[in-house]
Amino acid sequence: MTQNSQETVIGRITSVFGVKGWLKVFSYTDPKDGILDYRDWVLLLNGKRFPVRLEEGRRQGQGIVVRLKGIDDREVARSYSGAEIRVPTEQLPELPEGEFYWHQLEGLDVFTVEGECLGKVHHLLETGSNDVLVVHATAGSIDQRERLLPYLPEQVVQQVDLDAGRIVVDWDPEF
């Protein structure tokens with residue numbers, strides 16, 4: 001397993017905030033300010049990794065602003081704009097039984113209850129009403145279509161087996 005596969009992306013730096021080195025952050029956590037619970041981040045920008053420490057942060061309007069240790073200049077802060085914010089997956093809180101992080105679902109094979117392979121989960125989308133699995137065709141899938149499947153446990157998603165690397169769905173392949 002590579003070092004990057006043991007990390008998960010929890011947000012990204014969007015731009016600078018003010019003149020004292022603060023940064024605007026777009027958080028992928030729920031709630032949004034949950035990103036502030038993680039102090040040691042790895043920033044990934046243009047293939048380079050930068051370990052940083054969160055000194056302080058707060059909500060600012062609809063977003064989050066942060067100050068990183070050792071960064072107190074606007075131009076230095078600007079150099080981190082666009083960076084992904086990553087943390088080791090072992091730092092994530094344990095979820096209740098039957099709940100999963102998106103990174104756990106990505107890469108799983110998707111089968112219908114009849115055993116037909118629809119492909120592999122490429123990524124997920126947040127739509128507001130429910131999350132959506134974006135399933136890309138694979139060599140073993142029944143066709144070469146991309147499918148968007150609602151992530152609705154017990155309605156569409158019948159089983160998630162992380163150990164077997166598969167999701168079973170009640171879904172008509174023709175849809």
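The values are calculated or read from the model by the stated rules, or taken from the named source; none is laboratory data. Quantities reported herein were computed from a predicted structural model and do not represent experimental measurements. We place every Cβ from the backbone using ideal geometry, glycine too, and count neighbours over all the protein chains shown.
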Has segment 75-96 got any residue that is at negative phi, surrounded by fewer than 17 Cβ atoms within 10 Å (Cβ to Cβ) and basic (Lys, Arg)?
-> yes
When segment 112-126 is checked residue by residue, the ones that are more than 20 Å from Val9 (Cβ to Cβ) and loosely packed, with under 13 Cβ neighbours inside 10 Å are Val113, Glu114, Gly115
Conditions (1) touching a residue at least 24 places away in the same chain (Cβ under 8 Å); (2) loosely packed, with under 15 Cβ neighbours inside 10 Å; (3) over 17 Å from Trp102 (Cβ atoms); (4) not aliphatic (A, V, I, L, M) -> Pro173 fails only (2)
If a residue has to be in contact with a Gly (Cβ under 7 Å, 6 or more places away or on another chain) and either in contact (Cβ under 8 Å) with a residue 40 or more places away in the chain or surrounded by 15 or more Cβ atoms within 10 Å (Cβ to Cβ) (or both) to count, how many in segment 127-146 make the cut?
-> 4
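Any residue at all in segment 55-70 that's within 24 Å of Val134 (Cα to Cα), part of a loop (DSSP other than H, G, I, E, B) and not charged (D, E, K, R)?
Keep residues of segment 55-70 that are within 24 Å of Val134 (Cα to Cα), which gives none.
Within segment 55-70 (the criterion being within 24 Å of Val134 (Cα to Cα), part of a loop (DSSP other than H, G, I, E, B) and not charged (D, E, K, R)), the answer is no, since none of the residues qualifies.
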Does at least one position in segment 82-97 carry a residue that is among the basic types (Lys, Arg) and outside any strand (DSSP E or B)?
-> no
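If only one of Asp72, Asp109, Asp37 is assigned by TED's automatic domain parsing to the domain that holds Trp22, within 19 Å of the chain's Cα centre (by Cα) and of a type in the set (D, E, K, R), which one is it? Spell out the reasoning first.
Working: Asp72 fails: within 19 Å of the chain's Cα centre (by Cα); Asp109 fails: assigned by TED's automatic domain parsing to the domain that holds Trp22.
None of the other options fit; the residue is Asp37.
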Asp33 meets each of (1) more than 15 Å from Tyr80 (Cα to Cα); (2) in a strand (DSSP E or B) with one exception, condition (2)
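If you scan segment 120-165, which residues turn out to be assigned to a strand (DSSP E or B) and of a type in the set (S, T, N, Q)? So that I can check it myself, show each step before the final result.
Just the residues of segment 120-165 that are assigned to a strand (DSSP E or B), to begin with: 120-126, 131-136, 147-150, 153, 157-161.
Selection gives Gln158, Gln159.
Can you find a residue in segment 25-48 that is touching a residue at least 60 places away in the same chain (Cβ under 8 Å) and out of contact with any Pro (no Cβ under 7 Å at 6 or more places or on another chain)? It would help to see each step written out before you state the result.
So the first thing to find is which residues in segment 25-48 are touching a residue at least 60 places away in the same chain (Cβ under 8 Å), and the list is 25.
From what's left, out of contact with any Pro (no Cβ under 7 Å at 6 or more places or on another chain): 25.
There is at least one residue in segment 25-48 that is touching a residue at least 60 places away in the same chain (Cβ under 8 Å) and out of contact with any Pro (no Cβ under 7 Å at 6 or more places or on another chain).
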